[in-house]
1. Would you point out which residue out of ARG181, ARG165, ARG191, ARG195 is under 23 Å from VAL50 (Cα atoms), open to solvent by 50 Å² or more (accessible area, probe 1.4 Å), among the charged types (D, E, K, R) and at pLDDT 95 or above?
2. Take ARG90 and tell me if it is assigned to a loop (DSSP other than H, G, I, E, B) and over 18 Å from GLY18 (Cβ atoms).
3. Out of GLY176, GLY137, which single residue is open to solvent by 30 Å² or more (accessible area, probe 1.4 Å), free of Cβ contacts under 8 Å to residues at least 24 places away in the same chain and part of a loop (DSSP other than H, G, I, E, B)?
4. Within region 1-58, take every residue that is in a loop (DSSP other than H, G, I, E, B) and among the acidic types (Asp, Glu) and give me the one that is surrounded by the fewest Cβ atoms within 10 Å (Cβ to Cβ).
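The values are calculated or read from the model by the stated rules, or taken from the named source; none is laboratory data. Quick caveat: nothing in here was measured; it's all calculated off a predicted structure. Virtual Cβ from ideal backbone geometry, glycine too; neighbours counted across all protein chains shown. Surface areas here come from the heavy atoms of the whole protein model, side chains and all, with no ligands, DNA or RNA. Shrake-Rupley method; radii C 1.70, N 1.55, O 1.52, S 1.80 Å.
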Amino acid sequence: MAPPMSASAFLRALEAEGLTVVEVGDWRDHHRNHKGPWGPVHGVMIHHTVTKGSARTVELCRKGYAGLPGPLCHGVITKDGRVHLVGYGRANHAGLGDDDVLRAVIAEKKTLPPDNERNTDGNRHFYGFECENLGDGEDPWPAAQLEAIERAAAAVCRHHGWNERSVIGHLEWQPGKVDPRGFTMASMRKRIGDRLK
């Protein structure tokens, strides 16, 4: 059972992994903690935003929208490979997902079970990175962005002593989700694992 790292430790971990980090407004105190606890944390979740344009994407992930207030993640990874910190604490990114998947993440199993239930609060247990992409399978994923996803996930894993199997995509957590689309989580976990070595 891992308590979330402090906001300062999160920033330090990302920078130590070689990332360019942009601090957006009052990100350290921008959260949804009044809606429930954050932690213990067990992993990292990767998403795509279904948006175009970095400034618009960061603003949306910070503020949210009608029916889903922000922050919608902890960090937004834009096409240029920068990580924009928009919130810290409980964030509206994971939603309800499968308890069997959570158990597999905690155990760092090589194979995840199918995500066929929505019975567990993912916002409590996962760090979330939203990645700027239309999610149509055609919008490209620049090399700098893929490397930033790898580095950001590795930074969190390194801090907590987790391996790459603590990193999942939204599509592996919640039935009906397809993100991230355009690369496989297996390939991303391989990259993260290589970096952690």
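1. On the way: ARG165 fails: under 23 Å from VAL50 (Cα atoms); ARG191 fails: under 23 Å from VAL50 (Cα atoms); ARG195 fails: under 23 Å from VAL50 (Cα atoms).
ARG181 is the lone residue from the list that is under 23 Å from VAL50 (Cα atoms), open to solvent by 50 Å² or more (accessible area, probe 1.4 Å), among the charged types (D, E, K, R) and at pLDDT 95 or above.
2. Values: assigned to a loop (DSSP other than H, G, I, E, B): yes; over 18 Å from GLY18 (Cβ atoms): yes.
Here the answer is yes, as ARG90 does meet what is asked.
3. Values: GLY137 fails: free of Cβ contacts under 8 Å to residues at least 24 places away in the same chain.
The unique qualifying residue is GLY176.
4. Step one: of region 1-58, the residues in a loop (DSSP other than H, G, I, E, B) are 1, 3-6, 17-20, 24-26, 30-32, 36-40, 42, 49-53.
Filter once more, so that each one left must be among the acidic types (Asp, Glu): 17, 26.
Values: GLU17: 21, ASP26: 11.
Residue satisfying both the conditions and the ranking: ASP26.
Residues are listed down the side, and each one gets a yes or a no for (1) of a type in the set (D, E, K, R); (2) within 28 Å of LEU112 (Cα to Cα); (3) in contact with a Leu (Cβ under 7 Å, 6 or more places away or on another chain):
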{"residue": "ARG28", "(1), (2), (3)": "yes, no, no"}
{"residue": "ASN33", "(1), (2), (3)": "no, no, no"}
{"residue": "TRP38", "(1), (2), (3)": "no, yes, no"}
{"residue": "GLY53", "(1), (2), (3)": "no, no, no"}
{"residue": "VAL58", "(1), (2), (3)": "no, no, no"}
{"residue": "ARG62", "(1), (2), (3)": "yes, no, no"}
{"residue": "ILE77", "(1), (2), (3)": "no, yes, no"}
